[in-house]
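Novice: Handing you this structure, nothing more for now.
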Amino acid sequence: CKPENHADITGYVAQQLNEPAVFLSRLQSILSLPDAVSFDLLEGKNGTILEVYTQPLMIEGLPGGRIWNFRDMTDRQIAFEKLRMAKDQFKLIINTAQEGIWVVDEKNITTFVNRKMADMLEYSVEEMKGKNDFSFLDAEGQATFENLLQQRKSGIHEKKELALISKSGKRYWANFSISPIVDHDGIVRGSLSMITDISKRKSAEEALKQSETKFSHAFNHAPIGIGLLSPEGHFLKVNTVLCKLVGYDEKELLCMKFHDITHPEDLHDDLENVNLLLKGSITAYQMEKRYLHRSGNIINVLLDVSLVCNDNQEPLYFISQIQDITEKKLLEEKVEIEKINKQREITRAVIESQENERSEIGRELHDNVNQLLGTIRLYVDMAMNTKEDLKPLLETALEYTLSAIEENRKLSKKMITPRINSMGFAETVQDMAEDIMKAHPVKIIFTSKYFDENNYQEKFKVNLFRIIQEQVNNILKHAKASKIKINILQTDTNLFATITDNGIGFDTSCRKKGMGIANINNRTSLYNGVATFITAPGQGCELNLAFVKSACILTIAA
């Protein structure tokens with residue numbers, strides 16, 4: 001570039017740059033030093049990167065001008081910048097990675113580790129460099145790691161879980177994924193390992209394994225039946241006791257639902273409880289139910305059920321615990337039957353004792369007292385036939401004597417066991433009603449429909465008469481009734497008796513049961529009957545008796 005053209009060229013170049021002043025200042029510095037050589041990178045207004053090189057032009061050893069060399073370096077500079085950014089990003093990723101990164105050479109000497117890897121083993125990055133990677137593994141881990149490296153060299157990629165030994169001696173379980181480092185000639189120059197700390201997961205797995213072992217042992221060796229069931233009721237897992245309880249083997253039960261072995265009469269209540277569990281209304285339930293054994297026998301069980309849900313409270317499975325209470329139920333039923341029979345024997349003995357006592361008292365009153373009073377009457381009659389003035393006194397004595405005889409007759413009739421076989425049941429009841437109506441302002445109506453009393457045992461008829469007599473006396477004492485209805489009805493299978501009144505009634509929830517009601521209930525239960533009171537304050541009272549026509553009340557002929 002000749003001196004006369006220099007200004008034109010430098011001016012043109014300056015106009016193409018983002019910072020022309022910087023270029024011109026730089027140029028002045030170069031021109032002040034004729035021998036100077038300069039190399040600069042300049043950015044053009046259009047974004048291009050120019051490499052500018054200048055050196056003096058020497059002519060016969062003297063400066064004769066300057067040579068300028070301009071080269072467009074835009075693509076190269078962009079690539080360089082991208083490479084720099086990629087290196088920065090890679091460095092950031094390496095240092096912030098949640099996995100350990102470990103690079104070793106062909107002799108398994110550590111050449112690089114990231115911060116995560118160093119922290120995992122409680123070393124600094126510099127402490128780990130230059131160490132053999134086997135020094136961080138136990139004997140078993142070293143053998144496994146060596147085998148893993150050989151597999152990598154053969155192109156086999158596999159992950160392994162190894163135990164690392166930290167600086168303090170603590171064991172860390174880690175997942176190793178190793179890739180070989182190969183040069184341009186295909187020669188393995190080392191390996192790159194990605195290591196994930198799985199110590200917490202291994203601890204959780206070990207705890208879960210121990211828990212599952214304990215659960216499995218408790219499940220399989222429990223003294224009661226246990227089953228895991230799906231929300232739909234399918235058996236998912238069953239123990240030996242449950243299989244033995246219902247007579248099916250494990251394979252068979254796992255193809256069934258609990259509906260299949262539940263007694264039909266108990267299924268509805270069980271399903272209602274299951275629905276309450278699934279809705280979250282209850283957390284568990286207990287019930288007595290019946291299973292159907294494979295043989296057809298009925299098994300009584302005590303069932304405890306709870307529901308297991310996931311973290312979102314979605315049902316996973318039911319846990320059912322089943323205790324066989326068949327023998328217990330049979331024993332309870334036996335005890336209850338014995339208790340009932342014992343009570344019946346006691347009641348029968350008491351009633352028979354009462355009847356015997358009443359009969360004895362009645363006979364004494366009838367045979368002795370009445371005869372004495374009759375003799376007194378004869379003497380009084382004779383006295384009245386005398387001429388002495390004793391008539392007024394004797395007439396008074398006679399009236400008292402007649403009253404005593406009448407009261408004695410009533411007492412005798414009440415106390416003596418009705419001779420129903422000779423008088424008839426209906427006549428006995430009717431006779432009782434007429435006697436009562438003579439002494440009390442009450443109307444008693446007695447009816448018996450389709451009642452063939454010849455078909456019933458005398459003791460039963462006496463017992464039924466005593467129940468009617470007891471209730472009528474209760475009405476006379478407490479009800480203030482003006483009307484009483486007694487009705488006997490016989491059907492093909494049952495015998496019914498009803499005693500109603502229009503008295504004041506009573507509240508069954510408040511009134512305590514007295515001896516009268518207790519006697520009625522005892523006498524009714526003696527023949528497997530049921531006594532029911534229907535009453536309320538101001539609405540009178542209705543006593544209903546129901547007996548099944550069975551051998552305990554019927555005669556042999558019937």
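The values are calculated or read from the model by the stated rules, or taken from the named source; none is laboratory data. Keep in mind the model is a prediction, meaning the values are calculated, not measured. In this analysis, Cβ positions are derived from the backbone assuming ideal geometry, glycine residues included, and neighbour counts consider all displayed protein chains. Each accessible area value is taken on the protein alone, full model and side chains, heavy atoms only, with ligands, DNA and RNA left out. Shrake-Rupley method; radii C 1.70, N 1.55, O 1.52, S 1.80 Å.
Novice: With the structure loaded, tell me whether ILE67 is in contact with a Cys (Cβ under 8 Å, 6 or more places away or on another chain), open to solvent by 60 Å² or more (accessible area, probe 1.4 Å) and at pLDDT 75 or above or whether it fails that test.
Specialist: Values: in contact with a Cys (Cβ under 8 Å, 6 or more places away or on another chain): yes; open to solvent by 60 Å² or more (accessible area, probe 1.4 Å): yes; at pLDDT 75 or above: yes.
Yes: the conditions hold for ILE67.
Novice: Restricting the search to segment 112-131, which residues are of a type outside the set (A, V, I, L, M) and either assigned to a helix (DSSP H, G or I) or out of contact with any Lys or Arg (no Cβ under 7 Å at 6 or more places or on another chain) (or both)? Let's see the steps before the verdict.
Specialist: Residues of segment 112-131 that are of a type outside the set (A, V, I, L, M), as a first pass: 112, 114-116, 119, 122-124, 126-127, 129-131.
Selection gives PHE112, ASN114, ARG115, LYS116, ASP119, SER124, GLU126, GLU127, LYS129, GLY130, LYS131.
Novice: Across segment 1-28, which residue is most open to solvent (accessible area, probe 1.4 Å) among those that are hydroxyl-bearing (Ser, Thr, Tyr) and modelled with pLDDT under 80? Quick ask: steps written out before the conclusion?
Specialist: Keep residues of segment 1-28 that are hydroxyl-bearing (Ser, Thr, Tyr), which gives 10, 12, 25.
Cutting the leftovers down to modelled with pLDDT under 80 gives us 10, 12.
Details: THR10: 15, TYR12: 143 Å².
Selected residue: TYR12.
Novice: Continuing with the same structure: For segment 195-228, which residues satisfy the criterion of being over 30 Å from VAL274 (Cβ atoms) and of a type outside the set (Ser, Thr, Tyr)?
Specialist: Residues satisfying the conditions are ILE195, ASP197, ILE198, LYS200, ARG201, LYS202, ALA204, GLU205, GLU206, ALA207, LYS209, GLN210.
Novice: Looking at (1) at pLDDT 85 or above; (2) open to solvent by less than 80 Å² (accessible area, probe 1.4 Å), which is the only condition LYS334 fails?
Specialist: All conditions pass for LYS334, except number (2).
Novice: Scan segment 256-267 and give yes if some residue there is surrounded by fewer than 14 Cβ atoms within 10 Å (Cβ to Cβ) and assigned to a strand (DSSP E or B), otherwise no.
Specialist: Checking segment 256-267: not a single residue is surrounded by fewer than 14 Cβ atoms within 10 Å (Cβ to Cβ) and assigned to a strand (DSSP E or B).
Novice: Next question. Go over the candidates PHE496, PHE460 one by one and state the one that is at negative phi, among the aromatic types (Phe, Trp, Tyr) and not in a strand (DSSP E or B). It would help to see each step written out before you state the result.
Specialist: Values: PHE496 fails: not in a strand (DSSP E or B).
One residue alone meets the criteria, PHE460.
Novice: Something else about it: Can you list the helices (runs of 4 or more DSSP H) lying wholly within segment 147-254 that have 3 or more residues being surrounded by fewer than 11 Cβ atoms within 10 Å (Cβ to Cβ)?
Specialist: Values: elements: 199-221, 240-246, 250-253.
It comes to 199-221.
Novice: Continuing with this model, one more query. For segment 269-326, give me each residue that is over 27 Å from GLY247 (Cα atoms) and either surrounded by 16 or more Cβ atoms within 10 Å (Cβ to Cβ) or in contact with a Gly (Cβ under 6 Å, 6 or more places away or on another chain) (or both).
Specialist: Answer for segment 269-326, where residues must be over 27 Å from GLY247 (Cα atoms) and either surrounded by 16 or more Cβ atoms within 10 Å (Cβ to Cβ) or in contact with a Gly (Cβ under 6 Å, 6 or more places away or on another chain) (or both): just LEU277.
Novice: Only one residue in ASP269, ASP249 is within 22 Å of the chain's Cα centre (by Cα) and not small (Gly, Ala, Ser). Which one? Walk me through how you get there before you give the answer.
Specialist: Values: ASP249 fails: within 22 Å of the chain's Cα centre (by Cα).
It is ASP269.
Novice: Every residue in segment 72-107 that is surrounded by 12 or more Cβ atoms within 10 Å (Cβ to Cβ), of a type outside the set (A, V, I, L, M) and either closer than 23 Å to SER168 by Cβ or modelled with pLDDT of 85 or more (or both), please.
Specialist: Initially, segment 72-107 is screened for residues surrounded by 12 or more Cβ atoms within 10 Å (Cβ to Cβ), giving 72-74, 76-78, 80, 94-95, 97, 99-106.
If we keep only those that are of a type outside the set (A, V, I, L, M) as well, we get 72, 74, 76-77, 80, 95, 99-100, 102, 105-106.
Those that are surrounded by 12 or more Cβ atoms within 10 Å (Cβ to Cβ), of a type outside the set (A, V, I, L, M) and either closer than 23 Å to SER168 by Cβ or modelled with pLDDT of 85 or more (or both): GLU99, GLY100, TRP102, ASP105.
Novice: If a residue must be more than 17 Å from GLU434 (Cβ to Cβ), in contact with a helix residue (DSSP H, G or I) (Cβ under 9 Å, 6 or more places away or on another chain) and buried (at least 17 other Cβ atoms within 10 Å of the Cβ), how many such residues does segment 489-511 contain?
Specialist: Total meeting the criteria: 8.
Novice: So, in segment 471-488, exactly how many residues are surrounded by fewer than 19 Cβ atoms within 10 Å (Cβ to Cβ) and touching a Lys or Arg at 6+ places or on another chain (Cβ under 8 Å)? Reasoning before the result, please.
Specialist: Residues of segment 471-488 that are surrounded by fewer than 19 Cβ atoms within 10 Å (Cβ to Cβ), as a first pass: 473, 476-478, 480, 482-483, 485, 487.
Of the ones still in play, those that are also touching a Lys or Arg at 6+ places or on another chain (Cβ under 8 Å) are 482-483, 487.
Selection size over segment 471-488: 3.
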